[in-house]
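Structure first, then comments.
The values are calculated or read from the model by the stated rules, or taken from the named source; none is laboratory data. Small disclaimer: the values here were computed from a predicted structure and weren't measured. Neighbour counts run over all protein chains shown; Cβ positions are idealised from the backbone, glycine included. Please note that ligands, DNA and RNA were not included when accessible areas were found on the heavy atoms of the full protein model with its side chains. Shrake-Rupley method; radii C 1.70, N 1.55, O 1.52, S 1.80 Å.
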Amino acid sequence: MWSPEAVGLMLGMGALAGLIAGLFGIGGGMILVPVVLWVLQIQGDAGSAHAQHLAVGTSFAVMVFTSFASAYAQYRKQAIEWPVFRSMAPGMILGVAAGAQMARYLPNSGMQIFFACFAAVLALRTLLGIRPSNMRSLPGRRTLFGMGGLFGILSSWVGIGGGSLVIPYLSACHVSMHRTVATSAALGWPIALTGALGYWLAGLTSGAVLPEGSAGFIYLPAVLVLSAATVLFAPIGVRLAHKLPAGRLKTGFGILLLLIAAKMLWQVFR
């Protein structure tokens, strides 16, 4: 059983993930995946060969609720670029579905190293202010569909809503930051839903012995606690994003990602 302190910490981390999801149009998976691994450690299941798969699948399940709350708040502010959404969403859905099925053949430690390195790269880009070279304008629907597919595959392996990839890409295409964040939030919901279904199915067909309370590669008790907090705080993050400068928050987020990456790499190579 979880102690009250453990539940309180989970609620706090879920609130932080929801706040960040609303602020930056991302799913919050960078926070949720390590938290779920920590929960599995409490339960004595962190050494399972499928711990990372459970963490990613659970993260997607939580993001189904988080991203919906964030996207709905952005919809009410009429900030979403719907033509971009309609072009990228189908590709992202196909990419996430394919990536979730491929993930069960990837080694647990390999997924953890990939996640940690991915988080470290994003952290350094945020802290150093690195931006991709600007493109002339938004590409055509086929290119957006293809980029959506690529982002979907990568998102499915890392357990994120895709915003960490979508936001730099759309910003480079001269979409305003305000509308980029909103569109990324909207794209996060179909990614999360597809990822959750994919990891649920992959876990059911894997033949793996999973912890009690699991549905495929989704740990339902963690979904219940974390999603309760993220849904409450994601709209708050959206309101802050439309009112406050995000420079210091981005720096703090970059430092947090760097610490998470360092901790996960230490656990893998320990």
Review point. Which of the trypsin sites (Lys or Arg not before Pro) found in the stretch 75-150 are in a DSSP loop and have at most 14 neighbouring Cβ atoms, other than their own, within 10 Å?
Key: LYS77, ARG136
Exercise for review: For the stretch 81-190, report the convex hull volume of the alpha-carbon atoms normalised per residue, in Å³, without decimals.
Suggested key: 91 Å³
Check your understanding: So how much accessible area does MET102 have, in Å² to the nearest 10, using a 1.4 Å probe?
Key -> 80 Å²
Exercise for review: Determine, from the Cβ-Cβ distance of HIS174 and ALA262 and an R0 of 30 Å, the FRET efficiency 1/(1 + (r/R0)^6), rounded to the nearest 0.05.
Suggested key: 0.30
Exercise for review: Determine the order of THR230, THR194 by accessible area, beginning with the largest, at a probe radius of 1.4 Å.
Suggested key: THR194, THR230
**Study point:** Estimated [θ] at 222 nm from DSSP helical runs (n ≥ 4, -39500 (n - 2.57)) normalised by residues in the chain, nearest 500
**Key:** -26000 deg cm²/dmol
Exercise for review: Let me see the pair-distance distribution of the chain: every alpha carbon pair, 5 Å bin width, integer percents in order.
Suggested key: 1, 7, 14, 19, 21, 18, 11, 6, 3, 1, 0, 0
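Could you tell me the calculated FRET efficiency between LYS243 and TRP82, based on Cβ-Cβ distance and R0 = 25 angstrom, to the nearest 0.05?
Values: r = 24 Å, r/R0 = 0.95.
The value I calculate is 0.60.
Find the Cα radius of gyration of the stretch 1-106, compare it with 2.2 N^0.38 Å by division, and give the number to two decimals.
With N residues counted in the stretch 1-106, Rg over 2.2 N^0.38 Å equals 1.23.
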Point to revise | Solvent-accessible area of MET177 with every protein chain in place, 1.4 Å probe, in Å² to the nearest 10 | key: 80 Å²
